[in-house]
Amino acid sequence: MNAPQQSTERYDFVVVSNRLPVDRVIAPDGSASWNRSPGGLVTALEPVMRAADGAWVGWAGQPDLDLEPFDNEGIRIVPVPLSAEELQRYYEGFSNDTLWPLYHDVIAPPSFHREWWESYVEVNRRFAERAAGIAAEGGTVWVQDYQLQLVPKMVRDLRPDLTIGFFNHIPFPPYGIYSQLPWRTQIVEGLLGADVIGFQRVADASNFSRAVRRLLGHLTRNPVIEVPEGAGVRRVIAKAFPISIDSRSFEQLAREPRIQARAREIREGLGNPRTVMLGVDRLDYTKGIGHRLKAYHELLREGRLNAEDVTLVQVANPSRERVEAYIQLRDEIELTVGRINGDFSTFGHNPVNYMHHGYPRDEMVALYLAADVMLVTALRDGMNLVAKEYVASRFDEDGVLILSEFTGASDELKRALLINPHDIEGLKEAMLRAIQMSRRDRSSRMRALRRRVLENDVARWSQRFLDALADVKRDRHGSDPDPLGELEWTVPRAPSS
Ligand code: F6P
């Protein structure tokens with residue numbers, strides 16, 4: 001498994017992420033096929049992939065699956081196999097039970113296990129070897145997220161000719177928390193193998209630069225970090241590139257009459273309450289689902305909300321279901337939902353409609369249109385794309401977004417009702433304010449939010465990042481032609497009226 005891939009395939013642009021942008025689907029007759037995952041990242045990178053002769057390296061989502069590279073809708077897919085034991089140690093263990101809680105303000109206690117770390121190193125090496133094995137001479141490799149933080153340095157060691165980017169989709173913690181990690185120096189060194197390191201927020205980039213100064217003593221002059229190399233220094237850029245969604249496609253869907261009809265149907269199905277509130281999250285302890293349920297329950301108990309007038313729809317996408325903290329969270333949330341419904345349900349009306357499964361994008365957009373109030377109460381979140389999806393879908397300039405100030409999205413979406421989810425009284429006030437807000441106030445806020453989300457879409461995000469990489473390449477090679485710099489964006493943009 002560890003030998004570098006011997007391949008004659010070479011690609012100018014290689015994206016590396018833990019999960020591939022395609023899901024393997026097994027039909028009842030046992031035959032396997034691949035479905036494109038609906039994420040914004042793949043939508044944004046698709047045109048770059050096609051124009052720059054690109055390949056995507058990642059795990060196919062199931063253990064012990066050793067597959068040959070293949071084409072999917074114009075993208076070369078290069079699967080990396082993971083054994084069941086690696087899945088447990090590298091993915092569930094080190095990625096999601098060590099790094100995830102540590103990088104999210106230790107909301108849950110991180111576990112530190114040396115065998116998990118060893119597996120993380122080994123799997124990162126496999127991803128790096130696969131990427132280095134297929135990148136063309138002078139090409140570009142863009143590594144995604146916290147599962148693969150050692151890959152930039154590993155790729156650089158194998159292929160110093162490549163330009164390397166890294167984007168961290170989750171927060172980077174303050175040094176006081178980060179320094180708990182026994183392997184803190186190796187991770188920082190791994191990331192510094194990149195030429196450009198992107199973060200969601202300015203605060204994440206500063207936390208990282210501080211960790212570099214404290215652990216390695218390198219000179220940092222925002223956004224440049226000087227990494228000693230040979231007799232000189234290599235300049236690494238570490239700065240914020242807040243990610244977004246393919247906003248126009250959400251708006252386009254929302255404008256379709258069939259989606260609007262479905263939104264009406266959803267409201268009818270809920271008994272046409274005066275107010276529909278909505279939460280949409282992966283079932284994760286960082287999302288503050290318990291906090292929002294507590295606030296809602298108290299409002300009902302205090303009689304400040306009438307259970308007959310309001311429904312909270314909570315979509316909780318199953319996630320990392322074998323990790324203990326997630327198992328416990330599910331029990332807690334489902335107990336609370338049961339209590340609220342037990343206290344306030346009547347025949348034909350439940351104050352909470354809880355769904356422990358995901359929905360396709362069409363259905364989500366209909367739900368966004370059906371919701372008067374969107375609740376995003378995360379305790380810590382790199383960005384929170386659900387907040388942006390809600391805003392992009394509300395072409396009718398209606399609906400109120402309640403948004404935690406601990407999300408990356410709150411740096412941009414200032415005209416949401418910003419809340420501190422730990423302040424339950426404040427959260428209750430915000431819920432009441434949202435429910436009672438005048439149409440005029442709702443429209444003016446939603447218009448401002450929409451301007452931001454439609455302008456800063458995922459195409460612009462990736463363009464900014466790739467431009468930064470192209471600058472590095474230009475600096476390094478002087479006047480050498482730069483394939484990425486010449487790319488034209490072809491992400492379709494619908495009229496916004
Ligand atoms: O951005 C955070 C992230 O962990 C992504 O890397 C990942 O694709 C997504 O959330 C879902 O998590 P998982 O891949 O563990 O199901």
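At a glance:
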item: Test for I187: is it open to solvent by 10 Å² or more (accessible area, probe 1.4 Å), under 25 Å from the mean Cα position of the chain (by Cα) and touching a residue at least 24 places away in the same chain (Cβ under 8 Å); result: no
item: Boolean, L454 is more than 24 Å from K388 (Cα to Cα), at pLDDT 95 or above and buried (at least 17 other Cβ atoms within 10 Å of the Cβ); result: no
item: Qualifying residue in region 264-284 (condition: within 30 Å of V196 (Cα to Cα) and not in a strand (DSSP E or B)); result: yes
item: Any chance R264 is surrounded by fewer than 22 Cβ atoms within 10 Å (Cβ to Cβ) and within 16 Å of the ligand (Cβ to nearest atom); result: no
item: Qualifying residues in region 153-169 (those that are open to solvent by less than 10 Å² (accessible area, probe 1.4 Å) and within 16 Å of the ligand (Cβ to nearest atom)) - the one farthest from G230 (Cα to Cα); result: N168
item: Top-ranked residue of region 23-48 - restricted to ones that are within 15 Å of the ligand (Cβ to nearest atom) and in a loop (DSSP other than H, G, I, E, B), ranked as farthest from V458 (Cα to Cα); result: S37
item: All positions within region 384-413 that are touching a strand residue (DSSP E or B) at 6+ places or on another chain (Cβ under 7 Å), within 16 Å of the ligand (Cβ to nearest atom) and hydrophobic (A, V, I, L, M, F, W, C); result: V386, A387, F406, A409
item: Candidates G348, G358 - the one that is surrounded by fewer than 23 Cβ atoms within 10 Å (Cβ to Cβ), of a type outside the set (K, R) and on the phi > 0 side of the Ramachandran plot; result: G348
item: Single match in L293, L283, L299, L270 (criterion: under 21 Å from the mean Cα position of the chain (by Cα) and assigned by TED's automatic domain parsing to the domain that holds L385); result: L283
item: Of all residues making up region 215-261, the number that are part of a strand (DSSP E or B) and touching a Ser or Thr at 6+ places or on another chain (Cβ under 8 Å); result: 4
item: Complete set of residues in region 82-110 that are touching a helix residue (DSSP H, G or I) at 6+ places or on another chain (Cβ under 8 Å) and away from the ligand (no atom under 16 Å from the Cβ); result: E85, V106, P109
item: Segments classed as strands (runs of 3 or more DSSP E), wholly inside region 49-143, with at least 2 members that are open to solvent by less than 10 Å² (accessible area, probe 1.4 Å); result: 54-59, 75-79
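The values are calculated or read from the model by the stated rules, or taken from the named source; none is laboratory data. This one's a predicted model, so the numbers in the text were calculated from it and none came from an experiment. All Cβ positions, even for glycine, are placed from backbone atoms using ideal geometry, and neighbour counts span all protein chains on display. We work out accessible area using only protein heavy atoms, side chains counted, and drop any ligands, DNA or RNA first. Shrake-Rupley method; radii C 1.70, N 1.55, O 1.52, S 1.80 Å.
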